[in-house]
Structure formats: C-alpha cells, structure tokens
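A.B. asks: This is the structure I have questions about; it appears just below.
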Amino acid sequence: MKCFRYWCHPLLMRMLVVLMLGSLLLVSIITLPNRCEAPNLILLATSASSEMPVPQTTSPTINSTHRSNAKANKSNTIPTKKAIDTTTKACVSKSQHLMYRKPSTLFDLPSDLSQALKSYEQMHARCSHNKTWRETFYHPQVDDLCRYLVYVEGTAGLGNRLLALASAFVYALLTDRVLLMDHRGHIPQLICEPFGSSSWRLPEDFPMWDLEYGSPSLGDALSAGFNSSRLLVTLRHEQSDGDRQFYCSSVLQKLDQVPWIGWNSNQYFIPRFFTLPLFWPRMLRLFPDVSLTTTHLSRYLFLPDNKVWERILRIHWSYIACSGKKVSIQVRLHARQDTAEFYPPAFSQIMRCLIGHRVLPNVTQSEQHANAKMKPLSLKRPLSRSKADMSACRMTTAVLLASLQLKYYEELKGLYMNKPTKDDTFVRVHMATHDGSEKYSYDQSLNAFTEIWLLSLGDEIATSSWSTFGYVAQSLGALRPYLMNIRGGFDNEGMPPCYVGQSFDPCNHYPFMGECEGEILSSEHTQWIETHIKPCQDEGRGIQLVQP
C-alpha cells in the first residue's frame, strides 16, 4: 500500500510520534494520584438523612500474630453504593477503620473469641425478644432463664467509663448475662450497637434509679443470703469489704442466682479476671495473646456511630493524612491540683521523651545551619505541584496533640514553625479540641471519643502516665506507647522522661488482690500469673497483662 506523500514526509512522521508520546505522558500525569488528597470517594447512604465518604479500596490484611507478614485479603471488599441498603443504619466504621491502620497493628480475632461473640449475640437477641424491660425488672418470671447485667455509666472521665464497660462486657460474656446500657449515659450515643439484631440500650422508662439506689449491695446480699432478684455490684477505685468479695469463686457462683445485677464501676478489671480460678481457663481460650485483650474488645465494642465516624474522617483527611509519619501525643497531668494546667517542666519532659526516642526530630539552634540549608533549597528548580506535594508528604511528620490545655499545642507548634529540624524534615502539629477543664458533658465526651480514635490511628503514640484516656487509645490502635513521666512530682532525680510500654493493654490500677481467704491457686495457674501479669510501669500497685 502506498502512503500519501505528505504523510510519509520524515519530518511530519517525527512530529506525529512526538505528539503521540506527549499525549500518553499527559494522560499518565493527569491520572497520577496525589498522596495529600483523600482517595477516590463514594458516598454511602447509611441512613435516610446521612451520607458517608468511603475509600474505594479493599480491606487491609489482618495479621494473626505480632510478627506475621501481610497477605492479600481480596474477599473482604468495601461494598459499592448500589450494595448498601439505604433504609438501614449500617455501622460504617466497622468495615472501614482497619483501612486506616498500619498493617503491623491488624490482628485476627482468636477463633474461640469469634465463636463466643457469635453465640453471645444470639443469646442477647433471644433474651431481648419481645421483652418489656420495666416489667421484666419488677416482675421476673420463674421460667425466664435469662439473666441481665446493667452498666451504670456514671460521671467519671470517658477513658474510665469505656474501660469499665469493657470489663462489664467480659463478665457478661463469661457468665452468659445480657449486657444492657444505662439510657442516661453518653456512650450509647457515641458508638454503634455491637450486637447486630438486638439493642443493648434500655428505654427511658426503665427504673435506673431503683436499680442504682434501691438494690442491695453485694455485702448486704451476702448477709441476707442472696434472697433478692437484684443487687448492685460496686467495683470502683474505693471498695467496701463486701464489694471486694466479688473476686471470690464462692461469691461468683452465688451471683449466678441473681436475675438482675447493676454494674457500678469506674475502673478496668480485666487483668484481675485472669487471676480468678473460676474464669482463668475460659479467659485463656478467648485471649491467647493477653496483650491484645482490650484491643480485640475495643474494636468490637467501641466502633463510632456514623456521625462520629464522619467527624473523625473529616479531621483525619484535613490535617493528618498527608504525612510520611503520624505521631499521636496525649497530655494529662495526674496527681496535680489542676490536671489541665500548662506546666513548663512537663512540656520540657515531654520533649525530652519524644526527641530522645526519635519520635520527633530535634531542632537546630544554629542560624548558620539554617541558612546553609535554605540557600541551596531556594536555588533548586521548582518541582511540579503534584511532585512537590508528594515530596512534602514524605518529609512531613503529622502530630495530633490531645490535651485540655491549648498551651501545649501552641508551644509545640511554635517550636517547629520557628526552627528548622536537624534532619530537614517538616513537623505539622494539629489539635482537634481544647476544652480547658473536665466538664462531663456530652459535647466533651464527643470530643474525647473523637480524639481517642484519632490518636489510635497514629504510627506511634506517647501517652501520659496513669491516664485511662491514653490507655484506650493505645489498646484500640495496638500501639506500644511511650509512657511519659508527667504525673505529680515527676522531676525526681534518676527518673527517665518516659518508658517504652511493656504492653498494649491498660493498667489495672486497683486490683484488690488477696481478698479471698482459703482460695488456693494451682501451680500451673500461679506460674502463668508470674509470667503474664506484671506490675504496671506507671502504678506500682497495679497489674498489667504482658505477652512474653
């Protein structure tokens, strides 16, 4: 075939080839993703009135052990918009939150725990079916084989309340009790219903006052021979002699006879359950890696409600996502008159910890160093915008600071804004809220819950010693924390600025050990306790679950 002579001209042919190559290059540049932007999003209508952005990607890989390598999991993908039933309020965070965590923090549920949760949900649905809770409470039926545990939320800090709830759930799981939630509290408004087909939230006409103030205490029930259909168990930081009998096997067996138990607690007691002969064998099967106990529980129980999850994602994509490294810092000064005050020695202690452990880069005090670095930088040929954005992301550490006091944020931000870092990276500091003081309002609970989740999405986390707020974040994220020594008189000689945490799991501050006379542990159980339960690093009287 003969070509037309103009099309066969060598110069024209070269121009056509260049034009085609240029077109291909242009297409590739246009389709190149920008790491500083959110991934392609689709809108999921999770209810008639709300829409949620969802990354179009597959779910991340789940690790079965701490050191297992990531393997592709192609079967569990996020549903498209067409697959979502817009008439139901699906819990979007349940399918999404793992995509925002680094692979090393993802773990399968142990098989026994997974099966136990399925069985528990079925029991919860069966025992909740067609129940009028007020009538069931005042007039329990003899043929009703179901038993109930009501969590009384109280007014402690949100970290305490969440850990107390996790402890209540483990007790309910071990004893086959239906866990029900105080309708007056904040937690049911923040998190998704965990049990699928049945609700754990009691209606407003349920007599919480009668349960909380009209029920005998555990000590009274022991004296009266457990002849009441209800009682109130009080497991707080201060307990009566009667309350402490809760940890005795003979008392735990008698509690099985009581249809309704109120759980009044502001503490975390799951490590203590591992020390009880009656519970230990089952706890071992449910939680073979004890350091992940609260990680598994919190990722099952504490999933944010859709509106809360939307708020978390908005903050994450706006301020945290574009970074080569994400650092979470939580500041709270316990054992001081004002736990929210700005205390300059505490800030210095925090920086010694973070810079000393290379969580954050050090800054230079030398103007000569800064000028030497900036001069060649300014002479470099400007990058294209997309390349510059990606380069900045890789060189940036995004810091999320959670504190009641704004001044910590201002000091940290000012430090990295006014001085260059020695490794020539950039540090961006963000603070979501600063309430100034603890008020126990719903708005403050919402702020605290949002910040706990944002902290848990970091690559590294530094928390304040003795802080239950920090405990929940580190457990949720499966992050081994840097425990900062900023509690009380922390400036003692020889005390390091922080410790590397020995476990993901929280500290049980008040275990109340040795309360049961005549109860003897087996040698196997005793040896297990010596290996897996250690004193807390930030509370000598406390105990903590540690995986050797």
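A.B. asks: Confirm whether residue 539 is of a type in the set (Asp, Glu), surrounded by fewer than 22 Cβ atoms within 10 Å (Cβ to Cβ) and more than 24 Å from residue 166 (Cβ to Cβ).
C.D. replies: When the stated conditions are applied, residue 539 does not pass them.
A.B. asks: Considering each residue of the range 419-448, count those that are under 21 Å from the mean Cα position of the chain (by Cα), of a type in the set (Gly, Ala, Ser) and within 15 Å of residue 157 (Cβ to Cβ), and give that number.
C.D. replies: Final tally of qualifying residues: 3.
A.B. asks: Looking only at the range 432-459, filter to residues that are polar (S, T, N, Q) and part of a loop (DSSP other than H, G, I, E, B); which one of those is farthest from residue 192 (Cα to Cα)?
C.D. replies: For the range 432-459, the residue satisfying everything is 437.
A.B. asks: If you don't mind, another one. Looking at 483, 476, 521 in this structure, which one is assigned to a loop (DSSP other than H, G, I, E, B) and of a type outside the set (Gly, Ala, Ser)?
C.D. replies: Of 483, 476, 521, the one residue that is assigned to a loop (DSSP other than H, G, I, E, B) and of a type outside the set (Gly, Ala, Ser) is 521.
A.B. asks: Could I ask something else about it? Go through the range 500-525 residue by residue and tally those that are in contact with a strand residue (DSSP E or B) (Cβ under 7 Å, 6 or more places away or on another chain) and surrounded by fewer than 17 Cβ atoms within 10 Å (Cβ to Cβ).
C.D. replies: 1
A.B. asks: So, one more: Being under 27 Å from residue 236 (Cα atoms), exposed (fewer than 15 other Cβ atoms within 10 Å of the Cβ) and either under 31 Å from the mean Cα position of the chain (by Cα) or free of Cβ contacts under 8 Å to residues at least 24 places away in the same chain (or both) is the filter here; which residues of the range 131-174 pass it?
C.D. replies: 155
A.B. asks: For residues that are assigned to a helix (DSSP H, G or I) and small (Gly, Ala, Ser), scanning just the range 90-106, find the one that is least open to solvent (accessible area, probe 1.4 Å).
C.D. replies: Ranking the candidates gives 93 first.
A.B. asks: Being modelled with pLDDT under 95, in a loop (DSSP other than H, G, I, E, B), open to solvent by 60 Å² or more (accessible area, probe 1.4 Å) and out of contact with any strand residue (DSSP E or B) (no Cβ under 7 Å at 6 or more places or on another chain): is that true of residue 87 here?
C.D. replies: When the stated conditions are applied, residue 87 passes them.
A.B. asks: Here is a follow-up. Of all the residues that make up the range 191-220, how many are open to solvent by less than 10 Å² (accessible area, probe 1.4 Å) and under 13 Å from residue 255 (Cα atoms)?
C.D. replies: 1
A.B. asks: Applying the selection to the range 107-126, what residues are touching a residue at least 60 places away in the same chain (Cβ under 8 Å) and open to solvent by less than 40 Å² (accessible area, probe 1.4 Å)?
C.D. replies: 107, 110, 113, 116, 117, 120, 124, 125
A.B. asks: Being in contact with a strand residue (DSSP E or B) (Cβ under 6 Å, 6 or more places away or on another chain), more than 30 Å from residue 249 (Cβ to Cβ) and crowded, with 18+ Cβ neighbours inside 10 Å: is that true of residue 483 here?
C.D. replies: The answer is yes for residue 483.
A.B. asks: Looking at (1) over 25 Å from residue 402 (Cβ atoms); (2) basic (Lys, Arg); (3) without any contact (Cβ under 8 Å) to a residue 60 or more places away in the chain, which one does residue 285 not meet, given that it meets all the others?
C.D. replies: Residue 285 satisfies all of (1) over 25 Å from residue 402 (Cβ atoms); (2) basic (Lys, Arg); (3) without any contact (Cβ under 8 Å) to a residue 60 or more places away in the chain except (3).
A.B. asks: Return only the number of the condition from (1) touching a residue at least 40 places away in the same chain (Cβ under 8 Å); (2) in contact with a Gly (Cβ under 9 Å, 6 or more places away or on another chain) that residue 223 does not satisfy.
C.D. replies: (1)
The values are calculated or read from the model by the stated rules, or taken from the named source; none is laboratory data. Remember, predicted model here, so these are calculated numbers, not experimental data. Note: ideal-geometry Cβ built from the backbone for every residue, glycine included; neighbour counts use all protein chains shown. With ligands, DNA and RNA removed, areas are computed over all heavy atoms of the protein, side chains included. Shrake-Rupley method; radii C 1.70, N 1.55, O 1.52, S 1.80 Å.
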